[in-house]
Amino acid sequence: MIAYLADSRTFFLQGPRSSYVLAITRHGHLQHLHWGARVQPGALDGIAPLIDRAFSPNPLAAGHGYSLDTLGQECPTGGLTDFRSPAVLVEHPDGTQALELVYESHAIAAGKPKLAGLPATYVEAAGEADTLSIVLADRASGVRVELSYTQFRDHDAVSRSLRIVNAGDAPRCVLRALSASLDLPPGERSLMTLNGAWARERHVDLTPLRPGTQGVGSRRGTSSHQHNPFIAVVDAGTTEEHGEARGLALAYSGCFLAQAEVDQFAEARVQIGLDAPAFRWRLAPGAAFQAPEALLVWSGDGLGGMSRTFHRLLRTRMARGRYRDAQRPILINNWEATYFNFDTEKLVAIAAKAKEIGVEMMVLDDGWFGARKDDKAGLGDWVCNEAKLPGGLKALADRIEGLGMRFGLWFEPEMVNPDSDLYRAHPDWCLHIPGRDRSTGRSQLVLDLARPEVADHVYRSITAVLRSARISYVKWDMNRHLTEVASPAFPAGEVHHRYVLALYAMLERITAEFPDVLFESCSGGGGRFDAGLLHYMPQVWTSDNSDAICRLDIQHGTSMAYPLSSMGAHVSACPNHQVHRTTPMLTRGHVAFTGAFGFELDLNKLSPEDLATARAVVAEYNRVRDLLAGGDLYRLRAPADRRAASWMVVAPDRSRALVTWVSIVAEANAPFPVLRLRGLDPSARYRVDGEVVGGDVLMSIGLRPRIGHDFTSRTWHLERV
Ligand code: GLA
């Protein structure tokens, strides 16, 4: 998968249909040459000619005609002859930041080593991937940067990360360590980002690249609702199924930067990595800093091809544990059914009704612990409130198990309310700056997880609850962003990243100890939906917005990078609690079962018709749940024009498919749109709606759905005959 041509000192990372090519220049710098369609290894001299450019200075040893300012690079630094955005910045004892990284050595090995303390893709057999490590060094300071590239055999995907080592004899600080950086040649391209807010996450934005810097990031301590650690650089003319798209995702759950800088010669420097406010990581002599992993996916099959590669990689080689492959339960969550107002009988009644229609697990959400009667108190006190739940969680879990269902539980382990026993006992355990007020969000403060005594306490209280009853699922919530990010344990510039590392360490410990528990992450809905957390928790509550129509945009945008199996999606009550819209039960079901499926309402309150539809939705889901969990997604029609949205999921062997169509706002006497299907076997025949139709016909002539009444939906089940 990785070839090195010694004569030209060029590395070829070869995917099934893609190549990623880099070379060592005659002066030892690491040059980016190509990321795109597969090319045969061979000399590429002269492809990227270096000519002298006015106002681009020359390193002394290189002289006239060679400047880092015009060289396409793999690991640009600052302070010397490149004025564009650096990937690595290190501050030396004298306050300067110059770093001239030149090639020292490289190694190519089968497989993929682990990243210490960080989430990363993995292989199950050495033959699945090759890893190239390149060591670059700055002779003047002794700083070394070890770049790591893994090429996957079966995916047009490269993972990248870097490690900065202070091999000098004075202490230094890392100011920036972006995991991936590369310079694309001029071309007409757009930048795709996923943006929004609470209850409106990951809406797609596609904006043409223009001179200067464009990008997104988070300074909130989490990957955030507002922007996602994923960007794509999309060639002009690229559609869902045709053309080139290059996606970059960061496996990291904290502050980040993802951007493209179009320079004076129209080259686009594309970068993604950790980037926290005032980031400053001390490196004593001999110490190293490991940056998170970035995933780079190239597609020649449009946006759809890019997404499908991300989906397969994240689903099968980022997610871990039993539930990576095991069937996920259909659950019912009581949050929108009861909010804080519940007792055992109410919960059992909700569960019992859900059991009748085929729901498999009951999840008890917020409000079961401490003095939690609303969102102002109790976080941190992970002890069951027996006034609400006599006999504790064990008694409730036993009742639920007695119904033939499994039981799941909500936690928000990273938080504390000032009105809690935990805070009263340890008022200094939250992130805070001595001498300043502590800002609250949803009346809560963030625990200083990087302090071992705090992390140990959280670990002990959560695991004690998990051992106290038969708990098969955990919803791990996180409902505010980080402010006053300081800790007595670490210098301020490290605390953001230390927090994320401590969270990963805790999740590693707890998920290893409870391998049979399904973990779902959540941050006020989809505020921490990133590739990193999928390593610990294979599904995420996609959004606190459960309206089926709003979910079309949210799930569409999320699907650009993340697999359907990772998107928690529930059928909720109407009028919807977030936008007050009323939509048919069938539509709510079709939209929700496209993701990790569940309900979030009291089925006892449904009309007999709606209850019957809910039952039918569960039955329909049971026909296709394996297909939805492991199939390939084709987005047929984006919700953007507000008329309709459509998508299909095709089994990997193309023997089955499910097509879903949702009408949004109806138009009188509208044309019948053409819905050309994708991903089928053109030579096979499929049974659909009682007829047998060729795959070629379905893909070239297509179906002719009607735009139905507002918010209605329908599905087609295809089976190869
Ligand atoms: C967050 C979650 C919701 C629910 C509430 C409980 O908002 O996203 O699903 O769990 O917290 O307080």
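Derivation of every value follows stated rules applied to the coordinates shown; laboratory data play no part. Worth saying up front: this structure is predicted, and the values here are computed from it rather than measured. Reconstructed Cβ throughout: ideal geometry from the backbone, glycine too, with neighbour counts over all protein chains shown.
The label-point distance for ALA640 and PHE83, in a model that sets each label 7 Å from Cα toward Cβ, rounds to 3.5 nm. Rounded, prolate or oblate, given the Cα gyration tensor of the stretch 2-317, with a/c below 1.5 counting as rounded? Note, shape of the stretch 2-317 comes out rounded.
So if R0 is 56 Å, what FRET efficiency would VAL383 and TYR4 give, r being the distance between their Cβ atoms, rounded to the nearest 0.05? Could you put the intermediate results ahead of the total?
Values: r = 59 Å, r/R0 = 1.05.
For VAL383 and TYR4, the calculated efficiency is 0.40.
In this Cβ point-charge picture (+1 for Lys and Arg, -1 for Asp and Glu), the stretch 1-82 has a dipole of about 240 debye about its Cα centre.
Report the label-to-label distance for LEU206 and SER133 in nanometres (one decimal), using points 7 Å from each Cα along the Cα→Cβ vector. That separation, rounded to one decimal, is 4.0 nm. Counting other Cβ atoms within 10 Å, which GluC sites (Glu not before Pro) in the stretch 590-631 have at most 14 and lie in a DSSP loop? For GluC sites (Glu not before Pro) across the stretch 590-631 that sit outside H, G, I, E and B with at most 14 neighbouring Cβ atoms in 10 Å, the list is empty. The ranking of ARG451, ARG470 from fewest to most other beta carbons within 10 Å of each one's beta carbon is ARG470, ARG451.
Taking amide H as placed 1.01 Å from N in the peptide plane, the amide H of ARG406 sits under 5 Å from that of MET361, MET362, each at least 5 places away or on another chain. Computed from backbone phi with θ = phi - 60° and the Karplus coefficients 6.51, -1.76 and 1.60, the 3J(HN,Hα) list for the stretch 398-413 is 5, 4, 5, 4, x, 7, x, 10, 9, 10, x, 9, 8, 9, 10, x Hz; x is used for glycine and proline. For the pair the stretch 129-201 / the stretch 374-395, the C-alpha centres are spaced 45 Å from each other. Placing +1 on the Cβ of every Lys and Arg and -1 on the Cβ of every Asp and Glu, with no other charges, gives the chain a dipole of roughly 900 debye about its Cα centre. The phi torsions of the stretch 34-51, fed into the Karplus equation with coefficients 6.51, -1.76 and 1.60 and a -60° offset, translate into couplings of 6, 9, x, 4, 5, 10, 6, x, x, 5, 10, 4, x, 5, 10, x, 9, 10 Hz, rounded to whole numbers, with Gly and Pro shown as x.
Computed from phi, the 3J(HN,Hα) profile of the stretch 122-134 under the Karplus parametrisation 6.51, -1.76, 1.60 (θ = phi - 60°) reads 9, 10, 9, 9, 4, x, 6, 7, 10, 10, 9, 10, 10 Hz, with x in place of Gly and Pro. Look at the Cα gyration tensor of the chain: its axes a ≥ b ≥ c give a/c of at least 1.5 with a/b at or below b/c, and that counts as oblate.
Projecting the Cα atoms of VAL688, GLN214, ILE24 onto the dipole axis of the chain, where Lys and Arg carry +1 and Asp and Glu carry -1 at the beta carbon, places VAL688 farthest toward the positive end. Give, as a single signed number, the net charge of other residues whose beta carbon lies under 14 Å from the beta carbon of ARG438, with Lys and Arg counted +1 and Asp and Glu -1. Taking every other residue near ARG438 into account, the sum is -2.
Would the stretch 11-142 count as rounded, prolate or oblate if I go by the C-alpha gyration tensor, calling it rounded below 1.5 in a/c and otherwise prolate when a/b exceeds b/c, oblate otherwise? In terms of gyration-tensor shape, oblate. For the chain, find the longest principal axis of its Cα atoms and tell me its angle to the long axis of helix 452-468, 0 to 90°, nearest 10. For 452-468 against the chain, the angle is about 30 degrees.
If each residue of separation counts as 0.36 nm, what is the full-extension length gain between THR440 and ARG467 once their alpha-carbon separation is subtracted?
Working: separation 27, 0.36 × 27 = 9.72 nm, distance 3.13 nm.
Fully extending the segment from THR440 to ARG467 adds 6.6 nm.
Taking the Cα centre of the stretch 2-317 as origin, work out the dipole magnitude from +1 charges on Lys and Arg Cβ and -1 charges on Asp and Glu Cβ, in debye rounded to 20.
Working: 29 positive and 32 negative charges, 165 e Å.
With only Lys, Arg, Asp and Glu charged at Cβ, the dipole is about 800 debye.
Working ranking of peptides 43-55, 641-653, 153-165 by packing, defined as the average number of other Cβ atoms within 10 Å per residue, highest first, is 153-165, 641-653, 43-55.
Between the residues PHE265, ILE51, ALA177, the greatest Cα displacement towards the positive end of the dipole of the stretch 2-317, with unit charges on the Cβ of Lys, Arg, Asp and Glu, is found for ALA177.
Under 18 Å Cα to Cα from LYS346, which lysines show up? Leave out anything in the same chain fewer than 8 places away. Qualifying lysines at Cα under 18 Å: LYS355, LYS373, LYS388, LYS394, LYS605.
Stretching the chain fully between ARG324 and ALA395 yields a gain of 22.6 nm (0.36 nm per residue, less the alpha carbon separation). Taking amide H positions as modeled 1.01 Å from N, with prolines and chain starts lacking one, the residues under 5 Å from ASP419 and 5 or more places away or on another chain are GLY378.
Which of SER179, SER572 has the fewest other C-beta atoms within 10 Å, and how do the rest follow up to the most? Let's see the in-between values first.
On the way: SER179 27, SER572 24.
Fewest-to-most ranking of SER179, SER572: SER572, SER179.
Length gained on full extension, ALA616 to VAL579: 10.8 nm, using 0.36 nm per residue less the C-alpha separation. The peptide list 704-710, 476-482, 247-253, put in order of mean Cβ contacts within 10 Å with the highest first, becomes 247-253, 476-482, 704-710. The residue among VAL234, PRO488, HIS203 whose Cα reaches farthest toward the positive pole of the charge dipole of the chain, with charges on the beta-carbon of Lys, Arg, Asp and Glu, is HIS203. Angle check, please: helix 492-513 long axis (alpha carbons) against the longest principal axis of the chain (alpha carbons), in degrees 0 to 90, nearest 10. Taking the Cα atoms of the chain, the angle to 492-513 is about 50 degrees. Per-peptide packing, taken as the mean over residues of other Cβ atoms within 10 Å, places 558-567, 15-24 in the sequence 558-567, 15-24 from highest down. Amide hydrogen proximity for ASP710: with H placed 1.01 Å from N in the peptide plane, the residues at 5 or more positions away or on another chain lying under 5 Å are ALA666.
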